[in-house]
Amino acid sequence: MNRREYLECIDMYEDTYRYWIEENEPKDYAHSGGVRGEQEALDELSESYEFFELKEGVRANGFATRVKKALAGVKYEAVYFDEDVIDTTQSGGMAEALRRFTGRGVLNSRRRDPFFKPDFSPDTLRSFYYPGALTLISHELAERTAAKLGTAYGEAIGAEDSRRESCSYGSAEFLRECLMEAREVLHIPEVLYHTYVEGDIEYEVRQDAGQDDPAGAGLPRERDEASCGVTCVILSKDNPGQLETCIAGLRRSAEEEGVRINISVVDNGSSPENRKKLENLAKILDFKYTYEKCEFIYSRLNNIGAALMKEEYPENKYLLFLNDDIEIPKGMNFLRPMMETADREHVGAVGIKLLYPDGVTIQHAGVTLLKSGPSHKLNGYSDEEEYYHGINVRDVNMFSVTGACMMLRREVFDRLDGFDEAYAVGYTDTELCVRLLVHGYYNVCLNSLYLIHHEGATRGQDAASGEKMRRLLGERELFYGHFGDFLMDGDPFYSPNLTATDLDYGLNVMLPGRTVPLSRPEEYDGKYNLRPSGDKDGKLKFALDHCGYELNDELGNRDFYDIKGWAFIDGSKGFDYEKRLILKSGERSYKVRAYDTYREDVSEVFGRKGILLAGFESKIISSELKEGVYAVTLALIKNNTNKGYCREDICRIEKSRA
């Protein structure tokens, strides 16, 4: 990597949105007819739509022509699009010019904080008015909604407070009611509006808005107790201590919230000693205990538990599936919010945010469809921060939720014939959630609440067993075979403009080193002239983060060894050396490329901006290696030479017989 490439790479990380714009937005809109064509399209849109603006800003280049193209002749009742923030320090003529049709370069240099939105998400809409600063509402829908709310049309659209021609000032509450009332809603995943507002873009909605809002109505405690009954199914084996903690917390919450709950525990083969403990526990904590020694098949065992409880409590309206390693914090009243959400006619499965036992790290905040498949977004991130417009603290529609804590109406579960028993463990909850989407339901994750999840306490982590991972990959193939056509359209609740590979909410830009491809090992001829460098007096600064075998990754790559960390040569420029790994086993040696990765943390620790690309990662194709134990050497080779520094035996990998 030369100096220009190095600086360009750093610039991409530091101003990623500018590069996203360069890759994804049209260079101009001359092909649409320029200013004249734009005005004609704007006049046409104004005949059908009221333009509701919640925050002042400027429309993007070619706004009207791009909206008209996206409509494709279909009369949607509501239209919204993505947006960002534009800094405008100029006044007078320049500010006014920005309101019209400005040059692309002027806008790009001042744009930041893009908000890439989901497709229509009714439950996210209840959390905040995510469609944002500018929404197009058909005149008919605005009139119909105003009449429903008993409000004069002119008052509802704020006609007397119009900010400028063809743009009305409405309220987030009124616009929310419009979208809830709309028959057809279109989201255009393009940045078509730039606000002038500093900071995050939030459009809070009062929860008392509207006269017929099931979200605010809740489930009154005086409602017939039978209709509020919950059947809870828990699978447990050889885990009496954790199960006791789970059910005790569940009983406590049910009592505090005034919820009648009936609990079924299905045991697929505890030891005689633990079976006796569970039988005694069933008497103390009042739950139905079913012992059926068999292979752990999550779908089948949950179906058994649900069927048994339906016979005894057919009146219970709600089904709650809960892992035995779930812990319910004191005072965390979660049952009624889950019931209230599941009670909405359009809702399928309801999940909840789950934290690891430290009470800070996110285990589950909803499942998103990424390139590698359904993935737990924000897994491993700290819940002490808010991410992407508060998605980890709001109640939002998601592609799927985890079966570790999932509620749905019994009638919906029965209508879909429960869990598909062709899936043993890995994709059981996601498969059910996708079937719900196919049938027109919306899944919701309540991220305003949380429970604690001691993940894998009973049956262990799939990643810890090659056999379990192979089974998981087989179920993945089955899942994509069943829903391949549906999945081709992507995740409706996750913008295609956001990363398709990572668990954060970064932009969908292929940054160098962000997604590392597989490397094919080559025979090493021993021609590098390497100087060993130690910890105390060496010039090669180094740390290893990970070395291990991986069956697959976020890109869908399979069967490789993953080695990553950071390294740089003290006193040199970041682009002076290239990183290599050398693998040695007996007389056999390989060399493999190590890709540079962005490491802002290393740069901050050492106080040097020139080492922002000090990170390295190599994904080595396993099938290309002969059997043996390989000692790994890290080498940094100076550009255009065969000389460099090395750290020997930084880790070892073992290639065994398949």
Counting only residues that are in a strand (DSSP E or B) and aliphatic (A, V, I, L, M), segment 389-400 contains a total of 2
From the set of residues in segment 258-278 that are surrounded by 14 or more Cβ atoms within 10 Å (Cβ to Cβ) and more than 36 Å from the chain's Cα centre (by Cα), which is nearest to residue 324 (Cα to Cα)?
278
Against the condition closer than 21 Å to residue 180 by Cβ and buried (at least 24 other Cβ atoms within 10 Å of the Cβ), how does residue 365 come out, does it pass?
no
For residues that are loosely packed, with under 12 Cβ neighbours inside 10 Å and outside any strand (DSSP E or B), tally how many sit in segment 524-563.
7
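Results for (1) in a helix (DSSP H, G or I); (2) more than 22 Å from residue 323 (Cα to Cα); (3) modelled with pLDDT under 90; (4) not hydrophobic (A, V, I, L, M, F, W, C), shown as yes or no for each residue.
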| site | (1), (2), (3), (4) |
| --- | --- |
| 426 | no, no, yes, yes |
| 432 | yes, no, no, no |
| 469 | yes, no, yes, no |
| 483 | yes, yes, no, no |
| 501 | no, yes, yes, yes |
| 505 | no, yes, no, yes |
Scan segment 291-308 for residues that are closer than 25 Å to residue 364 by Cβ and in a helix (DSSP H, G or I) and jot them down.
298, 299, 300, 301, 302, 303, 304, 305, 306
For residue 28, state whether it is outside any helix (DSSP H, G or I), closer than 17 Å to residue 190 by Cβ and modelled with pLDDT under 75.
yes
Under the condition of being closer than 26 Å to residue 330 by Cβ and not basic (Lys, Arg), which residue from segment 279-292 is surrounded by the fewest Cβ atoms within 10 Å (Cβ to Cβ)?
284
Hey, residue 403 hits all of (1) within 17 Å of the chain's Cα centre (by Cα); (2) farther than 23 Å from residue 477 by Cα; (3) part of a loop (DSSP other than H, G, I, E, B) but one; which does it fall short on?
(2)
Checking residue 464 against (1) within 29 Å of residue 596 (Cα to Cα); (2) exposed (fewer than 12 other Cβ atoms within 10 Å of the Cβ); (3) at pLDDT 90 or above; (4) not assigned by TED's automatic domain parsing to the domain that holds residue 584, which single condition isn't satisfied?
(3)
Of all residues in segment 383-392, count the ones that are in contact (Cβ under 8 Å) with a residue 12 or more places away in the chain, surrounded by fewer than 21 Cβ atoms within 10 Å (Cβ to Cβ) and more than 13 Å from the chain's Cα centre (by Cα).
1
Would you check if there is a residue in segment 359-369 being of a type in the set (A, V, I, L, M, F, W, C), in contact (Cβ under 8 Å) with a residue 40 or more places away in the chain, closer than 26 Å to residue 486 by Cβ and not in a loop (DSSP other than H, G, I, E, B)?
yes
Name, by its number, the condition in (1) over 25 Å from residue 474 (Cα atoms); (2) not in a strand (DSSP E or B) that does not hold for residue 350.
(2)
Considering only residues that are out of contact with any Pro (no Cβ under 9 Å at 6 or more places or on another chain) and surrounded by 22 or more Cβ atoms within 10 Å (Cβ to Cβ), which ones fall in segment 445-459?
445, 447
For segment 564-604, enumerate the residues that are in a strand (DSSP E or B) and of a type in the set (Asp, Glu).
578, 596
Cβ-Cβ under 6 Å pairs, at least 6 apart or on other chains, segment 279-290 side part of a helix (DSSP H, G or I), far side at pLDDT 95 or above and β-branched (Val, Ile, Thr):
285/247
Quick check: anything in segment 33-45 buried (at least 17 other Cβ atoms within 10 Å of the Cβ), aliphatic (A, V, I, L, M), over 24 Å from residue 391 (Cβ atoms) and at pLDDT below 90?
no
Hits in segment 604-613 (condition: crowded, with 19+ Cβ neighbours inside 10 Å and more than 28 Å from the chain's Cα centre (by Cα)):
611
Kindly establish whether residue 413 is in contact (Cβ under 8 Å) with a residue 40 or more places away in the chain and touching an Asp or Glu at 6+ places or on another chain (Cβ under 7 Å).
no
Among the residues of segment 305-341, count how many are within 18 Å of residue 414 (Cα to Cα), at pLDDT 95 or above and basic (Lys, Arg).
1
Applying the selection to segment 471-481, what residues are surrounded by 18 or more Cβ atoms within 10 Å (Cβ to Cβ) and modelled with pLDDT of 90 or more?
479
Flag for residue 385 being of a type in the set (Asp, Glu), in a loop (DSSP other than H, G, I, E, B) and under 19 Å from residue 505 (Cα atoms)
yes
Take the conditions more than 19 Å from residue 10 (Cα to Cα) and modelled with pLDDT under 90 and apply them to residue 538. Does it pass?
yes
Filter segment 553-577 down to the residues that are touching a helix residue (DSSP H, G or I) at 6+ places or on another chain (Cβ under 7 Å) and of a type in the set (S, T, N, Q) and list them by number.
none
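The values are calculated or read from the model by the stated rules, or taken from the named source; none is laboratory data. These numbers were taken from a predicted model, which means no experiment stands behind them. Glycine gets a Cβ as well: all are built from the backbone with ideal geometry, and neighbour counts include every protein chain shown.
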